[in-house]
Amino acid sequence: HGPYQPHEPGYGLDQPGYSPYEDEIPDPQARMLAIENAKAYLLKTSTKSGLNLYDHFANILTKILDEQPKNTVDIIENISKDVKWAQFRKKMDTLRDEHLIPPTFEAAEKYKALFFKEGGEEEHEVLEEEMGQPSLPNVMETAFYFEQAGIGLSKDESYYIFLAFKNLINVHPIQTCRFWGKILGLEMNYIVAEVQLREGEGEEEEETGEEGEENTAEEEKEMGEGEEEEEQKEKEPEPPKSTYKPPPEIPKEANGTGTNKYVYFVCNEPSKPWVKLPPVTPAQIVCARQIKKFFTGRLDAPVVSFPPFPGNEANYLRAQIARISAGTHVSPTGFYQFPEDEDEEEGADTYEENPEFEPPPVAEMVESLATWAHHVKGILKQGRCVWINPAQKPEENEDDEEEEEEEEEQQQEETGKPLLTLISEDEGIKNIPAWTVQASTNLIPEYSIAILQSNRWPGAYAFASGRKFENIYFGWGHKYNPDCHTPALPPPAEAEFPSGPGITETVDPTVEEEIAFKAAQEEALAEAEEEEEEEVEDD
């Protein structure tokens, strides 16, 4: 606006000593009233924040005069925001201030130990160079392939798991190692590593376990002998012994074979230590098929179920891992072959890579399930991969041998599908096929990969691209069931003892019958005495 004209209201305001109210006498009371009304308006409290404009302006001016920033007029809005934000800060205690740790700092501190290189890693690298085959799996490469199908974890978590695997192989004597997958839990999750130890390591642990069992058996025998001696001294009548014979216990498969072919390590988070799972037994697998329990994330948690599970959550986790591996671990048909000295009919458990394998195109692997095969043996109803007769023992008496022959006739040998069976022979669930296969992308088919998904075990996936393939699992560890899970019913009640004349309660006799019975007994005694006297006289 240019200079004010004489007829405009603002004319002369810039001149010193001029006032438009010179011809009027000001009223001081009216001015004070206007000032008080203005201040009362500025002191009105906001219904949203609880602040007032008067105090806010005072705090802004105090902050500006204390800090005296440059170009205050350009940053007045930011100063106003800072003053408001300071009003809503958590008030600290004057005695002890509460130190709040940001979540990003907590996460960085948690995985900090994974990024330090320990002294034993250099020796492990030298051993790998001598053996020629690295035991550390390339977790990031596997995550890259599965990421093309929208499967897997975040890149950060995959890299943390990669570092955790590096720490695992530095601590334990591992020959081969593989990222098996991740099983979800209610409180914590399980990261699973499938491991094959070097020769001799697993056998030593098994021997120590057997020695412990023998020692406990000897102690039990000694205790039993001591109890028998005490009973003989007391010469008390023994209670009736039960004639029930429990069914023979099915032995577990040896380490390195069948369901215990691999050793499994688990941890809840990559920063936590790895824990070795115990070997699985046939009884645990049989019971795991009849129950359905969510994992908690604590290996020592009890498994409350019916039928009762023989073990804790660590054993239940190991049984589910064995079941999932037996049903979902697949490879391209022809990638593995049996060694020349073993036959397929004998139920061979070993295989080797086929150097002459030519990978089929991705389009063929997507169209036909005959291009995929199982490379893990299936588990029989007995809970083992190889059937065994539990009634057969080396040294028995002749009577026991006859009983065994009768039991052997009743028990029929189980035979499962041989190793490297095509997945096209797998049975579906009602109208749902056992497997679903698709390409990772239809837009660029020449660079797509084949993705296989299991419908019997939701969360189990496999990919194949050329000679590269991998299996992985992300899920709750449960098999798909189209119907609601129905727990097993308790066994029927035992039948009553058969009634007979020897155990049936009779009616109490009357007084007359008792008198007659006593008189008959007295007569019988008198006759017996007379006969004895006659015999004595005859002698």
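What follows is calculated from the coordinates using simple rules that are stated; it is not laboratory data. Being a predicted model, the structure only gives us computed values, none of them experimental. In this analysis, Cβ positions are derived from the backbone assuming ideal geometry, glycine residues included, and neighbour counts consider all displayed protein chains.
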- Query: Each residue of the stretch 521-529 in order: what ³J(HN,Hα) in whole Hz does its phi give by Karplus 6.51 cos²θ - 1.76 cosθ + 1.60, θ = phi - 60°, with x for Gly and Pro?
  - Reply: 5, 5, 4, 5, 5, 5, 4, 5, 5
- Task: For Lys44 and Ile503, compute 0.36 nm times the residue count separating them, minus their Cα-Cα distance, and round to one decimal in nm.
- Result: 155.4 nm
- Given the pairs Lys252/Lys430; Lys182/Lys276; Lys110/Lys261, which span a C-alpha to C-alpha distance of over 22 angstrom in this model? Lys252/Lys430; Lys110/Lys261
- Under 18 Å from the Cα of Lys84, which lysines turn up, not counting those fewer than eight places away in the same chain? Lys44, Lys48, Lys63
- Item | Given Lys272/Lys293; Lys293/Lys479; Lys166/Lys272; Lys112/Lys166; Lys112/Lys155; Lys39/Lys70, the pairs whose alpha carbons are separated by over 22 Å | Lys272/Lys293; Lys39/Lys70
- Message: In the stretch 28-87, if the dipole is taken from +1 on Lys/Arg beta carbons and -1 on Asp/Glu beta carbons about the Cα centre, which of Asn59, Val73, Met32 is farthest to the positive end?
- Response: Met32
- Message: Can you compute the modelled spin-label distance between Glu425 and Lys272, with each label point 7 Å from Cα toward Cβ, in nm?
- Response: 4.1
- Query: Given the Cα-Cα distance of Lys81 and Asp156 and 0.36 nm per residue of separation, how much length would full extension add, in nm?
  - Reply: 23.5 nm
- Starting from the Cα of Glu529, step 7 Å along the direction of its Cβ; do the same at Thr62; then give the gap between the two resulting points in nm. 12.5
- At R0 = 35 Å, FRET efficiency that the Cβ-Cβ distance of Thr176 and Thr296 yields, to 0.05: 0.70
- Message: As an exercise, use a Förster radius of 51 Å and the Cβ-Cβ distance of Glu352 and Lys70 to find the FRET efficiency, rounded to the nearest 0.05.
- Response: 0.10
- If the chain between Ala370 and Asn37 were fully extended at 0.36 nm per residue, the gain over the current Cα-Cα distance would be 110.9 nm
- Item | Calculated log₁₀ intensity ratio I(q)/I(0) where the Debye formula runs over C-alpha points of the stretch 28-87, q = 0.21, 0.23, 0.30 Å⁻¹ | -0.85, -0.92, -1.18
